[in-house]
1. Classify region A:55-114 as rounded, prolate or oblate, taking a ≥ b ≥ c as the square roots of the eigenvalues of its Cα gyration tensor: rounded when a/c is under 1.5, otherwise prolate if a/b is larger than b/c and oblate if not.
2. Between residue A:237 and residue A:726, what is the spin-label point distance in nm, taking each point 7 Å from the Cα along the Cα→C-beta axis?
3. Can you give the extra length, in nm with one decimal, that the chain gains between residue A:765 and residue A:634 once fully stretched, where that is 0.36 nm per residue apart less the Cα-Cα distance?
4. Across peptide A:313-322, what mean number of C-beta atoms from other chains lies inside 10 Å of a residue's C-beta?
5. For the pair residue A:841 and residue A:864, what calculated FRET efficiency results from E = 1/(1 + (r/R0)^6), where r is the Cβ-Cβ distance and R0 = 35 Å, to the nearest 0.05?
6. How large is the translational diffusion coefficient of region A:421-536 in µm² per second when you combine the Kirkwood radius over alpha carbon pairs with Stokes-Einstein at 20 °C and 1.002 mPa s?
7. Using R₀ = 30 Å, calculate the FRET efficiency as 1/(1 + (r/R₀)^6) where r is the Cβ-Cβ separation of residue A:580 and residue A:547; round to 0.05.
8. Full-extension gain between residue A:518 and residue A:167, please, as 0.36 nm times their residue separation minus the C-alpha to C-alpha distance.
């Protein structure tokens, strides 16, 4: 059958291959073959042929072959199976399968002869390993356990490797199902190898859901991947399922309990409860419930946030109860940062570190630290202390003998993980000693001391480097480094030299090692006074002869501390001449001068300072003073607080120069201080705290020659000049009518406060009570100033003054430092009597003379005067001309006074004729307008008075410039009146332009009468003039004209020709004095007018 | 006396009590002074547990436990807290208590609570929490001394702990953090209620002993409150 099968397959393949190439015409051939095959099959069945020989193996050693019995074969059928190429390999059996040893690779012919009811049929099969399937045995789970605390399943099974002859790879497939509904939650593979022996295999799996929440089922199968086997390999069957479930205990209902997880991870909580869970919440937040088997519920938390110290609470609430758990979300420990190991004493190593990022886990979940030293294999554990700060993370490690290199690893660990930091140190290079203690100072001599201190620690093998800080008052701090060999727990000793005797020093010390790592802290400070030594120099001396010249006073300065080298107890002064040496008694310290009675011989004075240790070298000074006749007093002023003195080099001066100075106002002896300078110098700066500005000092420069001193220069000077504080005291010596002689006194030196440079003398007219000499420097013109720079001048005569006048005098002194205060005085000059007499007599004489001449003239011209000033007034009624005119006037009642053309007589000469005709008041009115066309002449001289009145109407009608000129005095006045009413007119324009246009004054009366004429003549001026309208009746205006003779009737005695008058008030608009002001001929404008016009605009 | 006047009087007394209790060091009940819940009767409290502002320290501790323990309406089952002395009592029973019983109950309650608090202190995870707890224990110890002082002044003997009834704090190793928190919660709650009840008790005691109260008060104040 097998033959047939393979033959058929082969044929099918052939057919299949050829089918591609054959045409459809061959399809019938294929159908024929199929038919033939089927017939053959049926025949063979009928004949009892075997079929479907299949072989499988589970260990590659034995094949289990089976076949299908022929139709009709039943119980009692015997099969004889023979393997052709194997000797004696025929087996008789009654079942349809046989286990045979594995055949070698290649084809093997198998003959199976079935005997049934004496009928036999034989089948042949070709068997090859390739046709054999490898199906491993079904594995069996040895054990399935659960670690509920970690939600981990542990699975164990036997791989049965002993059954398999070859080393082979095995793939295990494990499936985990959850809940009763067998939801697949995990399908894992696990690879092992078979080693020919049985081995128990383990596999663990951690569930994302607590194992308590639901039943978990586990199954396993395997697949052997044997390279030696060429047949088909198949998975084994699944093992029988094993399951894990949790038996509820009394209390715990929510899982997992007290779990520590990483921030940001996901976690599932479940509640195992018989009661119905109503609500689940984590912290404040409610969570959706996931239903599990048997009323259990779960919640899933994603990306959990960091917990507080007490953890995050998860609570499930039922009708009557409440269950919960706490979860701690935190971080694994950060790598310890800044791990540093050092020692203070080479006995104990201190390793400190910074824990880095907080883990958010406290209490039992906190990070634990272990410090491990790899060379020695020793370790120490960190004990947590209260109130941890970053600085307090440190561990102590005891040093090991003879070990200098240490390799430390600091392990940090918490429930979420671990981390480590390492450091390799040579501990002898990481020494930071403790602060030195028991620090002491001892004297060696006056310039050296011994310092000792104690340093705890085992420094026997190293050298210590120590820094000594030396502080001296008013001096720069000094540091000295010393290297000392280390010892174990002992004191150290060093000498410090080059110190000053009798000086207070402050010492302190700190140490490190020669291979510097860190300084220790400073030790305590120690103050120490070094011992005394003999004074290094003699005192600086000077001598002065007393005022009577009998005694020599020796002065010396106290030695500075660095030269005294101790406390100066006394001084020894001695003087020696060629013959003898005289020694004075000891002078105790605070005293720095001595007086010796000497003759004028040459003596050498020596001064020695003594302290408790000894005496200083002597300071010597000669008593002799060499006279100097050529001596001038010079002046000098300091700069800042110093004064510079210079002199020429004098080769005769063999020893030194001495400058002494004193306050000039003090009495003898003049000695404030002195200064010695070497003989080769030519200048020095004198500086003293005692110098004050404004005080005069005397400086004396002495040169030393042949052991005697000669005064070379005498200088008066100020450190700084100031202004005098008093004014010079001055008096008036003499006063005349035009001069004053003033005298003043010197200002005392103390109050001058500088070199006097001069005086300033001010004077002005002024009374004591009213005049104040204010602003003397402001350059007032009425103040006269005299600057007296000749300081020897003590008087001043002021001339050219006015007699009997009070003068205010002021005197002040000045220096380069400024002006001193003023002193003032009031002086009245004497009266000038001659001038007064002349001033009275001359006017009286002139007045008398004028009176006499006037009287004579009046007498001689009395007739003319009478005619001129007091003519007889004729009676108008006797005038015929007037009578005629009267009739004319009466004949036309419409004509009024203003209509002068027909009725006004243009010229009236008043004769001496006395007439009975009543007076006509306007007879004196002269109209030049009417007259001038006839005469064109100047005002005619005569014994009559022609008072001209020039009404503007007429003037406009006769625009002749000549007329204006002929107007005379009265005309000028009138023009001025015109200008009063000509606002905004410019003088130039008036002079140049048409007189008509320039006639600013437009009497109101002209408006109704000559409007037509003006319209043509004036033109543009209409607008200007039309603005003013008299409120009064223009017809009667002329009657009250001020220049009308009628105005005299109105009880007014003021007659002002030409002065403009208000039309209804008669008040003069121009003040009378304006009549005196100069009047320009054509000028219609004046400054006064301008202001007076304003109100009329 | 009208109902309104009665209410007013009660309120005034409550206020005075608070002041008095404060002087005694009885607690940081300042927040509850003058609040409406303060005048609620014990009888009412025995039935329902209205939310009331907690004392500052207990509030701080409840905050440490985290939500929902610090929520005002959180009311979990007592579980392990059954052994804690209960402050709630029927109003009639409370009224019927005599001074000796009243003081004795206070003394016993605070003795137990103090013991529990000390147990709590041992378990505190952080140093800060331990310090805070230790400070409060010292204060409570002072209060206990004050009560003992009052009892001594009135001639009442101090209650002796019966053998075997010594309160202990020995949670088993299986005690989970959550159950521990539940116990802590009830300890704090009971402590809070006891402090409130003590204020009432002492107020009543003070009122009854008004004439000679000055001496008692002075004596109490001399204890350092």
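Readers should treat all values here as calculations from the given coordinates under stated rules, not as data from a laboratory. Because the structure is predicted, anything quoted here is derived from the model rather than measured. Note that each Cβ is placed from the backbone with ideal geometry, even for glycine, and that neighbours are counted across all protein chains shown.
1. Since a/c reaches 1.5 and a/b is larger than b/c, the shape of region A:55-114 is classed as prolate.
2. 14.5 nm
3. Stretched out fully, the residue A:765 to residue A:634 stretch lengthens by 43.0 nm.
4. So the per-residue partner count for this stretch is 3.
5. For R0 = 35 Å, the calculated efficiency reads 0.50.
6. The calculation lands on 142 µm²/s.
7. Efficiency, rounded to the nearest 0.05: 0.70.
8. Computed gain between residue A:518 and residue A:167 is 119.8 nm.
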